[in-house]
Structure formats: structure tokens, C-alpha cells
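As C-alpha cells, the structure follows; a few thoughts come after it.
Each value in this text was obtained by applying a stated rule to the coordinates, not by laboratory testing. Keep in mind it's a predicted model, so treat the numbers as computed, not measured. Positions of Cβ are backbone-derived with ideal geometry, glycine not excepted, and every protein chain shown enters the neighbour counts.
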Amino acid sequence: MAHQWRGVIREYIDRLDIDSSCPIITLGEGGTPLVEAPALAKLVGAAEVYLKVEGMNPTGSFKDRGMTMAVSKAVGHGAKAVICASTGNTSASAAAYAAAAGIQSVVLVPEGKIALGKLSQAVAHKAQILQVQGNFDDCLELARDLSENYPVHLVNSVNPDRIEGQKTGAFEVVERLERAPDIHVLPVGNAGNYSAYFKGYLEEFNLGVIKKVPQMWGFQADGSAPFVYGTPVRNPETIATAIRIGNPASYELALSARECSEGMFGSVTDEEILWMHRFLSQEVGVFVEPSSATGAAGLLKQARAGKVPAGSVIVVTVTGHGLKDALWALKDENGNEIQPQSVSTRAEEVAERLGLA
Ligand code: F0G
């Protein structure tokens, strides 16, 4: 009989750090498609490239894998409220899982710098939202401070429960490919997801399921690339608002993941991100938010520098759904607004406009 996916905690209960007595707050997250992308493989000169399409999670991003763990354990500890700082996706996820758990969520977001779709999710799930006059890094500092001094449980990825849940993405890749990819590519902000995938692959390696861990390749936006510069960026800037982060929470963890996996960090321009955002929509058929195209954009940059080995099998995690930050799709490559033409209801006129007549 076909298997009905039960969410990452129930699917991987033996491999997650959670007591069997803990309540499970789930929205059915995980089990996302690994989509083969031959157009991207051809573009970068690799044997096989797959997209792990995390926009298919319940709130439209990979954050749900970690949030099911973090909110379940918060409830298990008796928490009545959770708090997070966010560039948008974490807040959407925290708000949804808190709603499912029947507890309050508080979210701190950088004023004017989060995509409308994400803000509407937090509002829809009745989070208490505050727009902070600062950037994500300021929001995180504030959230940490509040969680240390007031009765509210922190669900940012500095909470190890989040990383623990997110590592399941690697398990799913290995199950599906029946091997590890040679290279795993991700967009990087706080580097929580980069660290989580590495943790997942390392566990598979230690169990003898895979013969080697993939090289972990992480990409940031040029204006927001502390891993590339080797130092925090005080005023990060990029159109990829989800990864507009100057002082990554998982900095040390990610450096060690890079070293152990013989991986790398790189950065790309906003133009390269938007070009790849369009390529993934138009040539692969997968609509992601701009930030989510950063990994694939970095992969292309590496390919152009001759650094993608022919014959390699590559997985790229595309982290969030295109509808979250949809306005970018309505601009052409020159930044002009795209407006569908208006026509009458006459078939001949429509055929003519379509170039069919
Ligand atoms: N892609 C998307 C769509 C994201 O929302 C994020 C992070 C990342 C990539 C980077 O992941 O931080 O684990 O390296 N978003 C966080 C948020 C910061 O608040 O939603 P990371």
C-alpha cells in the first residue's frame, strides 16, 4: 500500500534526539521531491543535478523540518510561547507550528525587509509581530536576550533542535539516490541548514550507509557574505532578503562542516541570483524565491571557473517557494514590469495576439 508521509519526527523517530513521551506537533513536513534538473546539469556540465524542493513543505520552506522539532520540544517542556528573529521564513514556520500547538508565537523581523508573502503567513497564523528598527542580526540579539530573561522559548537555529530536524533533508536525499551526492549546494544565511545537512550526511556515513560525505558548497550574496570575507558584515545588503545576514548564528559549526567535507563558501551578485531565479522557473519548471536560487547561481559561477568536475552528481537545496516573494517574477531581465496583454473575448483577435493566426 502507498505510504502516507507522517512528518519528519514520526518518519525518523529513531534517529532524532526526542523522547517518545514528547508531544509531536507536526504539519506533515518533509518528504519533499528531489527533482532531476537536466537543463541545470547541462548548464553546469555535471552528470546529474537534482533540486531538493523545500518549497513543498507546509509553510513553503525548509524551516518546517526544524520547527516541528523545536516546537514539539518547547511544548514538551511546558512552554506557553515561542520567540524567533527572522528574515521571514522562520517566522512563518514558527507561527504555523505555534498555532498547531495552541501556544503563542512572537516574531521579530527587520523593518521593511521581509517579503510580503512571509509577513502575511505570520499574520495569518496570529503571531505577535514586531518590526524592529534594525537588521536580522539585531533581531536575533534581541530574541536571545528576551528568551534568557522572560518566559518565552527561543526557536531560532541557535536552538539545536532546529538543526536536528533539518538534518532529515540529507536522509531523504540518500534514501532517494541510494548514495550521497558528490557535492551538496545550499544558499547560506545563518548557515544553520548548511550545518544541518552536513550533520545528516555525517550520521549516514558513521552508520555505513554512504561511503563518503559530499563536499558542502555554500553560497551567499556578495553584499552579505561573512563566510567569504571571514568576518561579520555590519550592514548586509542584498535583494535576497532571506539571507540578508551579516553575523551568522552557526558560524563555527559551518566552518567545521566546510573543513570536514572539503567544501567551500562563495558569493554571487544580486544579478546572478535573479538570472538563476529566472532560469529555474523557465528552464527547470521550479519556482523558488530569489534567495533560494543563490545556491544554483553559485554552482554556475563555479562551473564557469572550471571547478565542477564532469561526471559529478550534485544536489542543490532550493529552500523556499517562489510565491513567498512573488514580485520578482513580474520583472523582466531589465527590471521592467511584466504585464499580461489585455484582449477582447473574440477568438480571432486572441489567436492573432498569440501568433497563431
Ligand atoms: N533560504 C531561505 C529561503 C531562507 O529563508 C534562509 C534563512 C536561508 C536560505 C538560509 O538558511 O540561515 O540556515 O543558512 N532564513 C532565516 C529566516 C534566516 O529567518 O527565515 P540558513
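Given the -39500 (n - 2.57) contribution per DSSP H run of 4+ residues, what per-residue ellipticity at 222 nm results for the chain, rounded to the nearest 500 deg cm²/dmol?
-11000 deg cm²/dmol
Determine the dipole magnitude for the chain: charges of +1 sit on the beta-carbon of Lys and Arg, -1 on that of Asp and Glu, nothing else is charged, the reference point is the Cα centre, and the result goes in debye to the nearest 20.
Computed charge dipole of the chain: roughly 360 debye.
Per 0.36 nm of contour for each residue apart, how much would the distance between VAL209 and ASP332 grow if the chain were fully extended, relative to their Cα-Cα spacing?
Here the segment from VAL209 to ASP332 would lengthen by 39.8 nm.
Over the chain, what lengths in whole Å, largest first, do the semi-axes of the equivalent ellipsoid take, defined as the square roots of 5 times the eigenvalues of the alpha-carbon gyration tensor?
For the chain, the semi-axes come out at 31, 26, 21 Å.
Taking the alpha-carbon centroid of each part, what is the distance from the stretch 107-130 to the stretch 305-323 in angstrom?
30
Just subtract the alpha-carbon distance of LEU142 and LEU177 from 0.36 nm times their residue separation and send over the number in nm, one decimal.
Net length gain for the segment: 8.5 nm.
What does the net charge come to around ARG278 if you take all other residues with beta carbon closer than 10 Å to its beta carbon, with K and R at +1 and D and E at -1?
Summing Lys/Arg as +1 and Asp/Glu as -1 gives -2.
Residues with amide H under 5 Å of GLU289's amide H, sequence separation 5 or more or different chain, H placed in the peptide plane at 1.01 Å from N; which?
GLY320, HIS321, GLY322
Pull up the DSSP beta bridges for the chain and report the antiparallel fraction as a percent, rounded to 5.
In the chain, DSSP labels about 15 percent of beta bridges as antiparallel.
For the stretch 305-318, in order, what is each residue's ³J(HN,Hα) by Karplus, 6.51 cos²θ - 1.76 cosθ + 1.60 with θ = phi - 60°, in whole Hz (x at glycine and Pro)?
8, x, 9, 9, x, 4, x, 7, 9, 10, 10, 10, 7, 9
Under a point spin-label approximation (7 Å from Cα along Cα-to-Cβ), what is the ILE239-ARG304 distance to one decimal in nm?
1.6
Residue by residue through the stretch 345-357, which ³J(HN,Hα) values in whole Hz follow from phi under the Karplus form 6.51 cos²θ - 1.76 cosθ + 1.60 (θ = phi - 60°), with glycine and proline marked x?
Once θ is set to phi - 60°, the couplings for the stretch 345-357 become 8, 7, 4, 4, 5, 5, 4, 5, 4, 7, x, 8, 8 Hz.
Near the amide H of HIS153, under 5 Å away, which other amide H atoms are found, from residues 5 or more places off or on another chain, if H is placed in the peptide plane?
Those lying under 5 Å, H to H, from HIS153 are ALA81, VAL82, ILE83.
Semi-axes, largest first, in whole Å: what does sqrt of 5 times each Cα gyration tensor eigenvalue give for the stretch 278-357?
Semi-axes from the Cα gyration tensor: 35, 16, 12 Å.
Where does each of MET69, MET264, MET276 land when they are ranked from fewest to most other beta-carbon atoms within 10 angstrom?
Fewest to most other Cβ atoms nearby, the residues stand as MET264, MET276, MET69.
Distance between Cα centroids, the stretch 204-237 to the stretch 51-77: provide it in whole Å.
Each part's Cα centre sits 21 Å from the other's.
Could you order peptides 109-116, 279-286, 27-34, 183-190 by the average number of other Cβ atoms within 10 Å of their residues, highest first?
183-190, 27-34, 109-116, 279-286
Skipping prolines and chain starts, which residues have an amide H placed within reach, meaning under 5 Å, of the one on VAL132, given they are 5 or more residues away or on another chain?
VAL109, GLU111
Place a +1 charge on the Cβ of each Lys and Arg in the stretch 138-274 and a -1 charge on the Cβ of each Asp and Glu, then give the dipole magnitude about the Cα centre in debye, rounded to the nearest 20.
In debye, rounded to 20, the stretch 138-274 gives about 280.
Arrange ASP161, ASP19, ASP14 by Cβ neighbour counts within 10 Å, fewest through most, would you?
ASP14, ASP19, ASP161
Suppose each label sits 7 Å from its Cα in the direction of the beta carbon; what would the TRP275-VAL343 distance come out to in nanometres?
Calculated label separation equals 3.3 nm.
Determine one quarter of the surface area of the Cα convex hull of the stretch 109-237, which equals its mean projected area, and express it in nm² to one decimal.
Average of the hull's projected areas for the stretch 109-237 equals 10.0 nm².
Mind checking the full-extension length gain between ARG15 and LEU354? Use 0.36 nm per residue of separation minus the Cα-Cα distance, one decimal, nm.
Gain in length upon complete extension: 116.6 nm.
Could you give each residue of the stretch 91-107 its phi-based ³J(HN,Hα) in whole Hz, using Karplus coefficients 6.51, -1.76, 1.60 with θ = phi - 60°, and x for Gly or Pro?
5, 4, 6, 4, 5, 5, 6, 5, 4, 5, 7, x, 10, 8, 10, 10, 10
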